[in-house]
1. Find all pairs meeting these conditions: Cβ atoms under 7 angstrom apart; at least six residues apart or on different chains; first residue within segment 429-441 and closer than 11 Å to L468 by Cβ; second residue part of a helix (DSSP H, G or I).
2. Give me the pairs, please: first residue somewhere in segment 87-115 and more than 24 Å from L315 (Cα to Cα), second residue anywhere and of a type in the set (V, I, T) and part of a helix (DSSP H, G or I), beta-carbon distance under 6 Å, and either six or more positions apart or on two chains.
3. Would you check which residues across segment 288-304 are touching an Asp or Glu at 6+ places or on another chain (Cβ under 8 Å) and surrounded by 18 or more Cβ atoms within 10 Å (Cβ to Cβ) and list them?
4. Any idea how many residues of segment 183-211 are open to solvent by less than 10 Å² (accessible area, probe 1.4 Å) and assigned to a helix (DSSP H, G or I)?
5. Please go through segment 259-273 and pick out each residue that is outside any loop (DSSP other than H, G, I, E, B), crowded, with 20+ Cβ neighbours inside 10 Å and out of contact with any Ser or Thr (no Cβ under 7 Å at 6 or more places or on another chain).
6. Any idea which of F323, F335 is under 28 Å from R438 (Cα atoms) and among the aromatic types (F, W, Y)?
7. Look at segment 26-35 and say how many of its residues are surrounded by 15 or more Cβ atoms within 10 Å (Cβ to Cβ) and farther than 15 Å from A109 by Cβ.
Amino acid sequence: MILKEYSIHKVDYFKTVPNFNKALKNTNRIYSLLKKLHFEGTSFPGKLLRQNYKGFLKDAQDYAISDRFAITGTNGKTTTAGILAQILKEAEHSVIHNELGANMPNGIATAVALGLYKVLKDNPVQRVDNYVIECDEAYLASLFNEMKFDYLLVTNLFRDQLDRYGELDITKKKIQKGIELNEDITLILNADDPTLADIDHKLADGRHRKKIYYGIESITFAGYDKTSKSPSETIYCSKCTLPLQYKKRFYSQLGKWYCACGNKRPEPDIKADVKVFPDHFFLHITYKEKPYTFKVNLTGLYNAYNALGAISCALINGVERRFIDKALENYKPAFGRNETVFLRGKPATVYLIKNPVGASEVLRGLKNLENTSILISINDNYADGRDVSWLWDSDFESLKDFKGNFFLTGSRADDMALRLKYAGCDTGSVLIDSNIKRSLEDAVEKLQFNEKLVILTTYTSLLKMTKLFRGMKK
């Protein structure tokens, strides 16, 4: 009733906004109202704000007195942005960051408005130091059309949601359109991904942007599966169109690549040797001939790339090692990114999966699990991607010797059951219920005293579970 009443008067509500600060206040009121009604409210307030204050993000950019960072790519945006924001905060910078993960323009507008409201409500002339904004790669041009950034970090380009984005070259062109709108931006790129090496080529203005590369030199595995089963795209040389070759291939198309024509992986400005353990890893980094060693309490080689990208941003901007150390110690994963919660006193670790490479790397770290049940929730809503053929390219074969129970839920639970059958998993231990609430409660109830639950979930079912977890944490 409150929302309906608000909707009727929303035009008049914004019509009276006399200035920027009033717009922030109004957005905060809408967000607070939605939270009271148990809505997430991450995008709707920003949608209304952008509809009724056309230049909001353009005006908002001037409230940052130091660098503005944008982060995009197929995998790792949320973790990379989260680690970078944590580092800057430990360095006593004031930071606005879309930490709730809403990474399209409306969600970004909500995050910026709420962040600025907190800063300006008691001091209208106050400013913030940094923006750290994660942006969906398909919407980068839309964001950059409204807001300028000093740095753009691109994590990687993998095949993802073909119904929304198309193949890799289409996704790359979407990012290039954003770069074209920001002529002074510095690009921070993963040197190990050959799809990024020439991302500033053939831009509309013909100008190359300044580029800084980070990359991994070597990897050592200790108690962790050495063999990646991530699907490897055949990547062709951007100069001669021959298939690329590799001196070392770390996973998917990431590695030390080269071509017979002379085209090769750029020499990284920030290099890392990585040692991966089951529950953490070490990064031995060299930057400007100076060595650094950092321990990161996250799992998986994919998170080593995420941490390296964030640390690269910090080192480039002169952040001291002690602040980076403290941030890595205090960083808590964003929800759904290897986060552990306790449901009715029982541990559950949550992983967001959404494409073959990301899912396969998560599954790689789950191999040989003991005293564990696995809940897999697959939806096919717009935000998840309607096309779920990626399940067949993901390495669910790594679970064929798994001895615990499988709980399958979501709108495509039956598809997931078929995938496990063809992966060679024990179908006798599979329990199917498309109702996410019932399936989650059943999985938690059936956990034995010394067991834990691993949850693999697509995006919209993760949002559903977020609400369910609140009642189950009690």
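The values are calculated or read from the model by the stated rules, or taken from the named source; none is laboratory data. All figures in this text were calculated on a predicted structure; none of them were measured in a lab. No Cβ is skipped: glycine too gets one built from the backbone with ideal geometry, and neighbour counts run over all protein chains shown. The area values use the complete protein model at the heavy-atom level, side chains included, leaving out ligands, DNA and RNA. Shrake-Rupley method; radii C 1.70, N 1.55, O 1.52, S 1.80 Å.
1. I436/S461; I436/K464; I436/M465; K437/L468; L440/M465; L440/L468
2. That search, which allows pairs on different chains as well, returns G101/T78; A113/T27.
3. F294, T299, G300, L301, Y302
4. Of the residues in that region, 1 qualify.
5. Correct list: A272 only.
6. Only one candidate qualifies: F335.
7. Residues in segment 26-35 being surrounded by 15 or more Cβ atoms within 10 Å (Cβ to Cβ) and farther than 15 Å from A109 by Cβ: 1 in total.
Condition check ((1) among the small types (G, A, S); (2) open to solvent by less than 10 Å² (accessible area, probe 1.4 Å)) across all residues:
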| residue | (1), (2) |
| --- | --- |
| I353 | no, yes |
| N368 | no, no |
| T372 | no, yes |
| L375 | no, yes |
| N379 | no, no |
| F396 | no, yes |
| G404 | yes, no |
| G410 | yes, yes |
